[in-house]
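Colleague: Take a look at this one; I'll ask things after.
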Amino acid sequence: WDNADFSRGVGTTFYQEFSTLNTAKPPFVRDVEAKVRRYMRSSYSAAWTLKITWEKAPVYSSRTDTQKTITYQAVLTTDGFRSYILMLYQDRGMQWDYTRLAATNVLIGYT
């Protein structure tokens, strides 16, 4: 786990909110629902979903190397009773050189 550094003008962060209570659901929300159903083995129908994307984010200690970036998303979703988060990483998108990070105990995942 490490911090991204956008202070040098490299990379961007953006978000998109989907309020789908009593409305037609876009393909992205249907895909999120399918993932939650598959992973949790339960029925699920999203009422609200938020997609946050960090695109080409350089690592915090990137003062000299802004070419090594990462692109990932956090997707928060709820049906009003249960809430879930999906952490999605771009395939082969982790370009940070973990041998040059300030922290030596690198971890990708969650607990």
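The values are calculated or read from the model by the stated rules, or taken from the named source; none is laboratory data. Here the structure is a predicted model, which means the values were calculated and not measured. Counting neighbours? That spans all protein chains shown, and the Cβs are built from the backbone with ideal geometry, glycine included. To get the accessible areas, we keep the full protein, side chains included, count just its heavy atoms, and leave off ligands, DNA and RNA. Shrake-Rupley method; radii C 1.70, N 1.55, O 1.52, S 1.80 Å.
Colleague: Rounded to whole Hz and in sequence order, give me ³J(HN,Hα) for the stretch 43-60 from the Karplus expression 6.51 cos²θ - 1.76 cosθ + 1.60, θ = phi - 60°, writing x for Gly and Pro.
Modeller: Per residue, the Karplus-derived 3J(HN,Hα) values read 6, 7, 9, 5, 9, 7, 9, 10, 10, 10, 10, 10, 10, 6, 7, x, 5, 3 Hz.
Colleague: Residues with amide H under 5 Å of residue 47's amide H, sequence separation 5 or more or different chain, H placed in the peptide plane at 1.01 Å from N; which?
Modeller: Under 5 Å from the amide H of residue 47 lie the amide H atoms of 78, 79, 80, each far enough along the sequence or on another chain.
Colleague: Then there's this: Test of understanding: what is the full-extension gain from residue 24 to residue 3, defined as 0.36 nm times their sequence separation minus their Cα-Cα distance?
Modeller: Contour length minus the Cα-Cα distance gives 3.9 nm.
Colleague: Let me ask you something else. Between residue 94 and residue 48, what length comes free when the chain is fully extended (0.36 nm per residue of separation minus the Cα-Cα distance, one decimal in nm)?
Modeller: Gain on extension, residue 94 to residue 48, equals 13.7 nm.
Colleague: Report, ordered by chain and residue number, the lysines lying within cross-link reach of residue 35, taken as a straight Cα distance under 16 Å and ignoring same-chain residues fewer than 8 apart.
Modeller: Filter leaves 25, 51.
Colleague: Also, I was wondering about something else. What is the gain in length, in nm to one decimal, between residue 87 and residue 17 on full extension, counting 0.36 nm per residue of separation less the C-alpha to C-alpha distance?
Modeller: Here the answer is 23.6 nm.
Colleague: Another question about this same structure. Across every pair of different alpha-carbon atoms, what Kirkwood hydrodynamic radius in Å does the stretch 12-100 reach?
Modeller: This gives a value of 14.6 Å.
Colleague: Counting other C-beta atoms within 10 Å, and keeping those with at most 15, which DSSP coil chymotrypsin sites (Phe, Trp or Tyr not before Pro) do you find in the stretch 1-31?
Modeller: Hits after loop and neighbour filter: 1, 6.
Colleague: Further, regarding this structure: For the stretch 12-100, report the accessible area per residue in Å² (1.4 Å probe, heavy atoms, rounded to an integer).
Modeller: 67
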